[in-house]
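Below you'll find the structure, written out as structure tokens, and then a few comments.
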Amino acid sequence: MSASSFLKALKTEGLTVVQVGDWRDHNRNHKGPWGPVHGVMIHHTVTKGSARTVEICRKGYEGLPGPLCQGVITKDGKVHLVGYGRANHAGLGDDDVLRAVIAEKALPRDNESNTDGNRHFYGFECENLGDGDDPWPAAQLEAIERAAAAVCRHHGWNERSVIGHLEWQPGKVDPRGFSMGSMRERIRDRLK
């Protein structure tokens, strides 16, 4: 999917999209290929404040340069596009999980870190402290659902192509505060 198609898919799904700087050409492609892309990964940011969250996800931080995703979903339900192409969001994860995503089957437990997820997943970072107490507003949950569905719809994927970081990489807990099972049900219903 081209950057223009990505933008169009998100808008067609009814999302409010904010384009940040030169997002279409902001990526980590010089570090390795992006693709083939097989799924969508959802994260929480462990940050507070939309402007600060978007800036961190665009620029990165010491030891982890940006972009840290393709889109940042803030608490108000807006999707801020900060990059397109390879992004530092998934890290190394489980090849068995990737095979299940490709086959759109139930996920096995992630117990290895042997596969480059930055190559194979679109990433949405979602503004939340990730402490289990920070609320997930309805507008934000709906935006996560719509953004994931937009990408799935474009590629002809079903809801099983959407995973949380905690399902990919051992030791990760994000997104914390809602279940990926319930989010996949929402995405499934939207794709019908």
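The values are calculated or read from the model by the stated rules, or taken from the named source; none is laboratory data. None of the values given here were measured: they were computed from a predicted structure. Cβ sites come from the backbone with ideal geometry, for glycine too, and all protein chains shown count toward neighbours. Each accessible area value is taken on the protein alone, full model and side chains, heavy atoms only, with ligands, DNA and RNA left out. Shrake-Rupley method; radii C 1.70, N 1.55, O 1.52, S 1.80 Å.
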Pairs from Lys11/Lys192; Lys11/Lys75; Lys11/Lys105; Lys8/Lys48; Lys172/Lys192; Lys8/Lys78 whose Cα-Cα separation, in the structure shown, is over 22 Å: Lys11/Lys105; Lys8/Lys48; Lys172/Lys192
Electrostatic dipole magnitude of segment 49-130 [Cβ: Lys, Arg +1; Asp, Glu -1; Cα centre; debye, to 20]: 300 debye
P(r) weight above 12 Å for segment 1-57, C-alpha pairs, percent: 79 percent
Value in Å of the Kirkwood radius, where the chain supplies the Cα pairs that are averaged: 16.1 Å
Rounded to whole Hz, the Karplus (6.51, -1.76, 1.60) HN-Hα couplings of segment 63-68, x for glycine and proline: x, 8, x, x, x, 9
Share of carbon and sulfur in the accessible heavy-atom surface of the chain [1.4 Å probe, %]: 48 percent
About the Cα centre, charge dipole magnitude for the chain (Lys/Arg +1, Asp/Glu -1 at Cβ), debye: 560 debye
Dipole magnitude (debye, nearest 20) for segment 98-185, charges at Cβ of Lys, Arg, Asp, Glu: 480 debye
Under Karplus coefficients 6.51, -1.76 and 1.60, residue-wise ³J(HN,Hα) of segment 29-41 in Hz, glycine/proline x: 4, 5, 8, x, x, 10, x, x, 8, 10, x, 10, 10
Extension reserve of the Asp22-Tyr61 stretch, reckoned as 0.36 nm per residue once the Cα distance is removed: 12.2 nm
Surrounding net charge for Gly117, when Lys and Arg each add one and Asp and Glu each subtract one, Cβ distance under 15 Å: -3
Relative contact order (%) - the chain, alpha-carbon pairs under 8 angstrom, separation at least six: 28 percent
Summed residue charge, Cβ within 11 Å of Pro170's Cβ, Lys/Arg positive, Asp/Glu negative: -2
222 nm mean residue ellipticity, helices alone, for the chain (DSSP H n ≥ 4; -39,500 (n - 2.57); rounded to 500): -10000 deg cm²/dmol
Positive-end extreme of charge dipole, segment 18-136 - chosen from Leu81, Gly21, Met41 (charges on Cβ): Gly21
Listed residues Ser2, Leu191, Leu107: farthest to the positive end of the dipole of the chain (Cβ charges): Ser2
Surrounding net charge for Arg160, when Lys and Arg each add one and Asp and Glu each subtract one, Cβ distance under 9 Å: +1
